[in-house]
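I have placed the structure first, in the form of C-alpha cells, so that the comments after it can refer back to it.
The values are calculated or read from the model by the stated rules, or taken from the named source; none is laboratory data. All of these numbers come straight from a predicted model, not from anything done at the bench. Cβ placement follows ideal geometry from the backbone for every residue including glycine, while neighbour counts extend to all protein chains displayed.
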Amino acid sequence: MTGDGVRRLTAASGLAASVLLAVGGIVGPSDPPGFDALPEQVVRWTLDDRRRLLVSSAVVAAGLALLVVLYAGLRAMVGRAEGPPALLATVGYASFLVVIAMALVGMALAQVQAFAALDASPDTVRTLHEARFIVVNLSAAPTIVSAAAFAVVMVRTAFPARWIGWGSALVALAHVPGMLALSRTGALSPTGDLAQLGPLVFLVWVVCLSVNLLFGRAVGSEPHSPSKH
C-alpha cells in the first residue's frame, strides 16, 4: 500500500471509530449510579435502560475494533518519521492495544451486567457495574504511555503536525484523573466527571488527527526522520 493509501485508510478508520464511539456514548444510559449506590438502585438503573446498555456497548466495541486500524497506520507512519528502530512509535502502538483490550473487557462486563440484571442477585449486578468502570479507568495507565510516546515523536518530527503532538500530550494529561479516581464519591470517583474527562479529550484528538491526515499535507508527501535533515 502506498503512503497516501496508508494515510487515507488511517484517517478514515479514525473518523469512523470516532463516530461509533460518540454514538455509543450518546445511546448509552446516562447518570450511572455511583459507588455509594445501593445494589437495588444499580439493578433498577440497569433494567430501566437495559437495551440501551446492550446496544451502546456493542457500538463502542465496533469503534474500538476500528481503533486497531488507526493505530496500526499511525505506528507505520510515525515510525517512519521517527526512524529505525522506531521504538517510541512501537511503544505507543503496543500500549494502545492494551487499552483496547481493557476497554473491550469493560464492554463485555456491561453486557453481562445487562443480562445478569434479569435474574441475578443485586449484589452481583452492582459488582459487575463497578468492575466495568474500574477496568476502563485503569486503562488510563497504558493510554498515558501510548499518548506520551506518540507526543514525543510528533513534536520532534512535526509529523503529522506539532500541534497534534501537543494534543497527544494533552490526552496523556487528561487521563491522569482516571488513575487517581480512588474516591467512593465525587469528581474523583470512578464514575466522577474528572475520571470521564480523558475519553472525551481522546475522542476530540482522534478527530483532529484524522482530519489532519486527510487534509494537512499535500498528496504524495512523506514523513521524514529528523536524522535525514
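Considering only residues in region 26-40 that are charged (D, E, K, R) and modelled with pLDDT under 95, the one that is farthest from Thr124 (Cα to Cα) turns out to be Asp31.
Hey, among the residues in region 1-25 that are at pLDDT below 95 and of a type in the set (Val, Ile, Thr), which one's surrounded by the fewest Cβ atoms within 10 Å (Cβ to Cβ)? Filtering region 1-25 for residues that are at pLDDT below 95 and of a type in the set (Val, Ile, Thr), the one surrounded by the fewest Cβ atoms within 10 Å (Cβ to Cβ) comes out as Thr2. Residue pairs whose Cβ atoms lie under 6 Å apart, sitting 6 or more positions apart in sequence or on different chains, and linking a residue in region 16-28 that is β-branched (Val, Ile, Thr) to a partner that is modelled with pLDDT of 95 or more, are Val23/Val59; Val27/Arg52; Val27/Val55; Val27/Ser56. Applying the criterion of at least 2 residues that are at pLDDT 95 or above and either of a type outside the set (Val, Ile, Thr) or in contact with a Phe, Trp or Tyr (Cβ under 6 Å, 6 or more places away or on another chain) (or both) to the helices (runs of 4 or more DSSP H) found wholly in region 152-229 leaves 162-174, 197-215.
Of everything listed in (1) under 25 Å from Arg75 (Cβ atoms); (2) of a type in the set (A, V, I, L, M, F, W, C); (3) touching a helix residue (DSSP H, G or I) at 6+ places or on another chain (Cβ under 7 Å); (4) not in a loop (DSSP other than H, G, I, E, B), the single unmet condition for Val125 is (1). Just one of (1) closer than 18 Å to Pro33 by Cβ; (2) of a type in the set (Ser, Thr, Tyr); (3) in contact with a Pro (Cβ under 6 Å, 6 or more places away or on another chain) fails for Thr157. It is (1).
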